[in-house]
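Input: a single structure, listed below in structure tokens.
Nothing in this text is a laboratory measurement; each read-out follows from the coordinates by a stated rule. In this text the structure is predicted, and so the values were computed from the model without any measurement. No Cβ is skipped: glycine too gets one built from the backbone with ideal geometry, and neighbour counts run over all protein chains shown.
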Amino acid sequence: MGLEQTMTEILMRILSPFKEPFTQGSNVYWLYLFSGFGLATLLYRFKLTNQDNHKNLLEYLFPKEIYLHSSFITQCKQYFATCWYTVFILIPLIGVVQKNAQDITSQALTQITGITTVFEIKNPQLVHYLALTIFTVLIADFGFFVGHYIAHKIPFLWEFHKAHHSAEVLTPFTTSYLYNPFDLFVIQIINFTVISIGSGIWIYIFGNQMQELLIFGDNIIIFILFLVNNLQHSHFWVAYPYWIGHILCSPAQHQIHHSVDPKHWDKNFGSLFSLWDWMIGSLYVPRGYEKLDFGLPDGESKLFNGVTNIFLQPFRAVWQRSRQTSDRSELGGESHSDPEEGSTERQAIF
Ligand SMILES: [Zn+2]
Ligand SMILES: [Zn+2]
């Protein structure tokens, strides 16, 4: 690659936060924002929203208590940090994992069984493309679910994932970029490892003659779901009928995932589908409108104010916890822990 080409590449990556709304498949792709706010407007017009109806449309769509909130200002700054981190570090790293995991999986299966491709499909038809499209969505969503679940359940990782849950307001523009870089790395590495193993298995069974059905460069099913899904990070209450909520994760169900109310903690880890939550018993489908407050309990969200603190706070917390643990063991053992201490914690740490 020539110097000029390298410089252009670097410049394009620096401009990535500004390209994001025009990047197909991004969380803030203009079409998804347009469809999300369009749906919110329809709900308002037909009085189908349970929220404050005495606001005018503009106040309802862009409430100043959200868009002037300090949490939103932090999220705006983190938007830039996450975009740059993603293009300069995360995507190159994930590319290596993805390619290797897929090849290793299909080659390992071939070596174990002695069969190169089990049912090779040489002339794929529409039904085969559709099957791959559905499989890809399911495996991609399952990969995210596994990564997200682990980020909550391993106490060390939860300290890092808290950055995402520090959002006291949710907006479709910024909250999906509110991540500590290490947390995003862990979730995405797990996610793409699962996806790559899944696609390695698919290639081993059916060969690689098929492609997903795409629209605007995105998997067609993901595209359709994302027309609504970007409202997951918003103040718009959009819930599906109770039974659909067991299959698809509505915006309201992800908002519940962000709630400070203890009854909502560790519920709804899924992103597109809620099937996985249903299977393991972490599903919470609301039966009606629930007024929610977002963020971490006990004012802990404030510790994540600003890009530097989003990066550093988890390390401080892990350090403090390890100090407390070693102090306790020096004093005579973990069994004497104060039952009151940490009672409002979401997890037992260490
Ligand atoms: Zn979470
Ligand atoms: Zn979220």
* **Within straight-line cross-link reach of Lys122, lysines at Cα separation under 30 Å, skipping those fewer than 8 residues along the same chain** => Lys99
* To do: Could you give the C-alpha radius of gyration of region 1-57 expressed as a fraction of 2.2 N^0.38 Å, taking N as the number of residues it contains?
  => 1.86
* Asked: Out of every Cα-Cα pair in the chain, what percent are more than 25 Å apart?
  -> 59
* Can you work out ³J(HN,Hα) from phi for every residue in region 124-134, in order, using Karplus 6.51 cos²θ - 1.76 cosθ + 1.60 and θ = phi - 60°, giving whole Hz and x for Gly and Pro? -> x, 10, 4, 4, 6, 4, 5, 4, 5, 4, 5
* Exposure proxy order (Cβ contacts within 10 Å, fewest to most) of Leu93, Leu43 -> Leu93, Leu43
* Asked: Quick one: Karplus J couplings for region 85-94, per residue in order, coefficients 6.51, -1.76, 1.60, θ = phi - 60°, nearest Hz, x for Gly and Pro?
  -> 4, 5, 6, 8, 10, 5, 4, x, 5, 5
* To do: Report relative contact order for region 125-267 in percent, whole number only (criteria: Cα-Cα under 8 Å, sequence separation at least 6).
  => 27
* Asked: What does the charge count near Arg316 come to, summing +1 for each Lys or Arg and -1 for each Asp or Glu among other residues with Cβ under 11 Å from its Cβ?
  -> +1
* How big is the Cα convex hull of region 242-292 in projection, averaged over all directions, in nm²? -> 3.1
* Helix-derived mean residue ellipticity, 222 nm - over the chain, DSSP H n ≥ 4, -39500 (n - 2.57), to 500 -> -17500 deg cm²/dmol
* **Mean Cα-pair separation over length for the chain, i.e. relative contact order, pairs under 8 Å, 6 or more apart, %** => 21
* Structure fact -> Karplus ³J(HN,Hα) for region 270-275 (6.51 cos²θ - 1.76 cosθ + 1.60, θ = phi - 60°; Hz, whole; x = Gly/Pro) runs x, 10, 8, 10, 9, 3
* Can you list the residues, at least 5 places off or on another chain, whose amide H is less than 5 Å from the amide H of Phe273, using H built in the peptide plane? -> Cys249
* Asked: Debye sum, Cα scatterers, region 34-117, no solvent: what log₁₀ I/I(0) at q = 0.23 1/Å?
  -> -1.06
* Write down the Å³ per residue value for the convex hull defined by the alpha carbon atoms of region 20-178. => 190
* Take the Cα gyration tensor of region 201-328, multiply each eigenvalue by 5, square-root it, and list the three semi-axes largest first, rounded to whole angstrom. => 33, 22, 16
* To do: Would you list the P(r) distribution for region 89-191, with all Cα-Cα distances sorted into 5 Å bins from 0 and each bin expressed as a whole %?
  => 2, 10, 13, 16, 18, 14, 10, 7, 6, 3, 0
* Structure fact -> Going fewest to most other Cβ atoms within 10 Å around each Cβ, Lys162, Lys291 line up as Lys291, Lys162
* Can you tell me the alpha carbon radius of gyration of region 167-269 divided by the globular rule-of-thumb value 2.2 N^0.38 Å? => 1.29
